[in-house]
Amino acid sequence: MNLTQIAVPMNSQEDIIAQLDPGLIQLPEHPNRDESFFKSAAYFALRSAILTTRGNTVPVRVHPISGAPPYTFAADYGICRIRCCLELGITVTAIVSSTELSDQKRLFQRVQENSCRSDFSPVDLGRIYLDALERKLVTNQAEFAVECGRDPALLSKAIKLASLPAVILELFDQIQDVQYRYYKPLWDAYSGASKDHFLLAAEVADQMPRPRNPDEIVALLTGKGQQQKLAEPVAIEPFKPAIETHLLWRGKPAGKVTLMEDGGVEITLDRKLEPERYEELAATLQGFLDRNGGKRNGTKPKQPKVATAKARGRATSAREEAATTATDPQLDLDLDLDLDLQALEMAANETSSDGVQA
């Protein structure tokens, strides 16, 4: 990068403001902001604002270093602004510190400065604390909270969120989506008896298309989404068992007519039929369908294609006999079914009496 950089005296006894080549500033290796932040709308808005003003209007803070080429400075805070200027290819406005600070003091300054500008996400803050604890920059949460001006209760939640497995945190599009309000449901599910379900649900959530709604991810991980679905009233069709009407010949089973659950009808005869008997049976059933189809649809009933005089006479006699006792029109359809079943049974009886083998 060929940038015009204002020379900075490396042994200055006072802080100075200078325009620096961001490529010469070493960024911290320790946790700051999650990498997903640098793909967020907030970061792009910051970079756009810096481009519009041809530089950052709020200076970053750096301190001189040696023995780490090509770097001549190290960042104290303002990591995002330095990165924006680096990507845009412009110089960064920086305060060059003349004071030697400990890593602990630099950490405290960085957290405080971000709290006043664009605060860290809960997970970012939790990671910074855990790293500081590991490096022995702090001894406990209380010390970190006091020195950085943080709410101890929120800090505790941030630490728990940062302690969740990476496979869980990676389910969210951006680490900023993991908010303090998710602490209790996520941590309870992860640390409780339902941990196995929690990790299994994570595999399911990983199949969700992006962008993802963080509320839906949390609901799936904690089982609340499934419970809510189960709690909603569901219209369930009552079970309708099949209804069977048995056909008898001389007191013995000869077949059956079954009304199926879906409304269909199945007819089974236990005896073989001669071809002419088959045609007679088909004519009887066709007559039943034509009569009832006409009543339901308002169309003219079709005439049976095949029918013998014997079958017609038997059905007519039975109908005339029953008509003398039937007074309710609503019983007409049931009457047709009963009469045709009688005809079907009579046909089966005649078949047996004519010597047809079972």
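The values are calculated or read from the model by the stated rules, or taken from the named source; none is laboratory data. Please read these numbers as outputs of a predicted model, since none were measured by experiment. A quick note on method: Cβ atoms are made from the backbone with ideal geometry, for glycine too, and the neighbour counts reach across all protein chains shown.
Structure values in brief
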{"item": "Residue in the stretch 192-204 that is of a type outside the set (Asp, Glu), part of a loop (DSSP other than H, G, I, E, B) and under 15 Å from Leu169 (Cβ atoms) present", "result": "no"}
{"item": "Val178 assigned by TED's automatic domain parsing to the domain that holds Pro211, at pLDDT 95 or above and out of contact with any strand residue (DSSP E or B) (no Cβ under 6 Å at 6 or more places or on another chain)", "result": "yes"}
{"item": "Considering residues of the stretch 75-121 that are in a strand (DSSP E or B) and among the hydroxyl-bearing types (Ser, Thr, Tyr) only, the residue nearest to Glu147 (Cα to Cα)", "result": "Tyr77"}
{"item": "Test: residue in the stretch 67-84 that is over 25 Å from Leu161 (Cα atoms), in contact with a strand residue (DSSP E or B) (Cβ under 8 Å, 6 or more places away or on another chain) and surrounded by fewer than 13 Cβ atoms within 10 Å (Cβ to Cβ)", "result": "yes"}
{"item": "Meets criteria (of a type in the set (A, V, I, L, M, F, W, C) and in contact (Cβ under 8 Å) with a residue 40 or more places away in the chain) for Ile65", "result": "no"}
{"item": "Sole exception among (1) touching a Pro at 6+ places or on another chain (Cβ under 9 Å); (2) closer than 26 Å to Leu125 by Cβ; (3) not β-branched (Val, Ile, Thr) for Asn56, by number", "result": "(1)"}
{"item": "Residues of the stretch 181-197 that turn out to be at pLDDT 90 or above and under 18 Å from the mean Cα position of the chain (by Cα), as a count", "result": "3"}
{"item": "Candidate set: the stretch 133-182, residues that are in a loop (DSSP other than H, G, I, E, B) and among the β-branched types (Val, Ile, Thr); chosen: the one nearest to Ala42 (Cα to Cα)", "result": "Val178"}
{"item": "Given (1) in contact with a Lys or Arg (Cβ under 8 Å, 6 or more places away or on another chain); (2) closer than 27 Å to Thr52 by Cα, index of the condition Gly89 fails", "result": "(1)"}
{"item": "Hits in the stretch 81-106 (condition: farther than 22 Å from Ile128 by Cβ and touching an Asp or Glu at 6+ places or on another chain (Cβ under 7 Å))", "result": "Thr91, Val96, Ser98"}
{"item": "Residue check, Thr53 over 25 Å from Pro31 (Cβ atoms), surrounded by fewer than 16 Cβ atoms within 10 Å (Cβ to Cβ) and free of Cβ contacts under 8 Å to residues at least 24 places away in the same chain", "result": "yes"}
{"item": "Pair list, Cβ < 9 Å and 6+ apart or interchain, from the stretch 92-121 residues that are at negative phi and crowded, with 17+ Cβ neighbours inside 10 Å to residues that are of a type in the set (Gly, Ala, Ser) and modelled with pLDDT under 85", "result": "Val96/Ser12"}
{"item": "Selected residue [over 42 Å from the mean Cα position of the chain (by Cα) and not acidic (Asp, Glu)] from Leu88, Leu101", "result": "Leu101"}
